[in-house]
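The values are calculated or read from the model by the stated rules, or taken from the named source; none is laboratory data. The structure presented is a predicted model; accordingly, all values stated were derived computationally and were not measured. All Cβ positions, glycine included, derive from the backbone under ideal geometry; neighbour counts span all protein chains shown. When the accessible area is computed, the model is the full protein with side chains, heavy atoms only, and any ligands, DNA or RNA have been set aside. Shrake-Rupley method; radii C 1.70, N 1.55, O 1.52, S 1.80 Å.
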Amino acid sequence: MNRRELMESLKGKDKVRILFVCLGNICRSPAAEGIMADMIAGEGLEDRIELDSAGLYGGHAGELPDHRMRVHARRRGYELTHRSRPVKLSDYDDFDLIVAMDNSNYDRLRGFAPTVEAQDKVVRMIEFVNGFPQYDHVPDPYYEGAEGFELVLDMLEDGCREMLRELEK
Ligand code: 4NP
């Protein structure tokens, strides 16, 4: 199933459950979750769309998002309060859409999927991003400076807007 077919299959569902996934679950995926939560609240869709985020590396479990990401996000009005947690097998049942930030996340999430149906739920965030044609992934900002965090937030705002637009269609 490709992305369009997957998004099509979500139409008519009472509730769509989206899990954003990156490596540490302290930078990109909690930012995506916070941005999407803000957009969903803006449209009054809190009852229709459920969000969470998780990481493929569990070393930051229990932590708030990276301080730098929280500062950059707060400047745009997003308060990031998610606590990092590792991806778990039941996520493939509990979510309709599992959104990978980069290609390594994508390959690992597809690889761990227990069934073909579960594998089909995994998509790349970049496929929803319209404005950054030079990227094939959302880059890890962890070892970058301020501009790395700003770039990630720009890309995630773009991608979340498109994802919501496709869900509302
Ligand atoms: P994230 O960034 O995957 O966007 O949360 C990272 C956070 C922590 C690490 C790597 C990436 N780390 O290696 O600890």
Notebook entry, point to check: Which condition number does E33 fail, the rest of (1) touching a residue at least 40 places away in the same chain (Cβ under 8 Å); (2) within 12 Å of the ligand (Cβ to nearest atom); (3) more than 17 Å from the chain's Cα centre (by Cα) being met?
Noted result: (3)
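Residues to consider are M69, M39; find the one that is more than 12 Å from the ligand (Cβ to nearest atom) and either of a type in the set (D, E, K, R) or touching a Leu at 6+ places or on another chain (Cβ under 7 Å) (or both). Lay out the reasoning, then the answer.
Numbers: M69 fails: more than 12 Å from the ligand (Cβ to nearest atom).
The conditions single out M39.
Residue by residue, here is whether (1) part of a helix (DSSP H, G or I); (2) open to solvent by less than 80 Å² (accessible area, probe 1.4 Å); (3) of a type in the set (G, A, S) holds:
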residue	(1), (2), (3)
M1	no, no, no
L6	yes, yes, no
D14	no, no, no
N25	no, yes, no
A32	yes, yes, yes
I35	yes, yes, no
I40	yes, yes, no
D47	no, no, no
Margin query: Please verify whether L19 is under 15 Å from the mean Cα position of the chain (by Cα), away from the ligand (no atom under 13 Å from the Cβ) and in contact (Cβ under 8 Å) with a residue 40 or more places away in the chain, treating the condition exactly as stated.
Written below: yes
Next item on the list: Please specify each residue of segment 82-98 satisfying the condition of being in contact with a Leu (Cβ under 7 Å, 6 or more places away or on another chain) and either in a loop (DSSP other than H, G, I, E, B) or within 10 Å of V21 (Cα to Cα) (or both).
Entry: R83, V87, F95, D96, I98
